[in-house]
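Inspection log for the structure reproduced underneath, given as structure tokens.
The values are calculated or read from the model by the stated rules, or taken from the named source; none is laboratory data. Keep in mind the model is a prediction, meaning the values are calculated, not measured. Cβ atoms come from the backbone with ideal geometry, glycine included; neighbour counts cover every protein chain shown. Heads up: the accessible areas ignore ligands, DNA and RNA and are worked out on the full protein's heavy atoms, side chains in. Shrake-Rupley method; radii C 1.70, N 1.55, O 1.52, S 1.80 Å.
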Amino acid sequence: MRVVRGFTVIELLVVLAIAAVLAALAVPRLTDRSALQERGARDELRAMVAHGRRIAVTQQREVCVLMSPTQARAVYAGAGGCLPAQPLRDPGGGGAYTIDMPPGTLLGGAALLRFNRRGQPVPALDQTITVGTLAITVYRETGLAR
């Protein structure tokens, strides 16, 4: 009697078909980075808001975070309002503290977030900022962003 070793063509084709189905399901999740970029932008903006609040408290000076649909920047505030010509320094690099949104991700909600010298938002309201489909809420009592 003859002993057969190895796989039949049918078995190999079934394994290849299963591998193709799994690859078709997994590849789009690996190549679509928009959700990852959106979360990263939200986290960067949350860090900017927290930094602006800290600067307002430590320097006893009002700070604004100005937002357009594609960019956020932190600046000092004066008696007449926010002063775009006086940006906060980026804590990581020393230049103006600015965040550009990744392609396809837009900022929404509050266009201006201003902190008083106690680190509370002005006006004293809960404020929501959207980063794509994600949201950041800045609480009126503490100015903390979640």
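Here is how the numbers come out for the structure above:
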item	result
Kirkwood Rh, Cα atoms: Rg over Rh of the chain	1.39
Solvent exposure of the chain as accessible area per residue, Å², 1.4 Å probe	64 Å²
Charge dipole (debye, nearest 20) of the chain; +1 at Cβ of Lys and Arg, -1 at Cβ of Asp and Glu	320 debye
Sulfur and carbon atoms: percent of accessible area, the chain [1.4 Å]	60 percent
Accessible-area value, Ile10, 1.4 Å probe, nucleic acids and ligands omitted, Å²	120 Å²
14 Å beta-carbon shell around Thr98, net charge (K/R +1, D/E -1)	-1
25 °C / 0.890 mPa s Stokes-Einstein diffusion coefficient of segment 31-96, Kirkwood radius on C-alpha pairs, µm²/s	191 µm²/s
List Met101, Met48, ordered by accessible area with a 1.4 Å probe, largest first	Met101, Met48
Radius 12 Å from Cβ of Val131, net charge of other residues (Lys, Arg +1; Asp, Glu -1)	0
Helix-only [θ]222 nm of the chain, DSSP H runs n ≥ 4, -39500 (n - 2.57) each, per residue, nearest 500	-12000 deg cm²/dmol
Cα-based shape type of segment 89-143, given that a ≥ b ≥ c are square roots of the gyration tensor eigenvalues and the cut on a/c is 1.5	oblate
Label-to-label distance, nm, for residues given as Ala111 and Val15 (7 Å Cα→Cβ offset)	6.2 nm
Exposure of Leu25 as accessible area (Å², to 10), given a probe of 1.4 Å and all protein chains	120 Å²
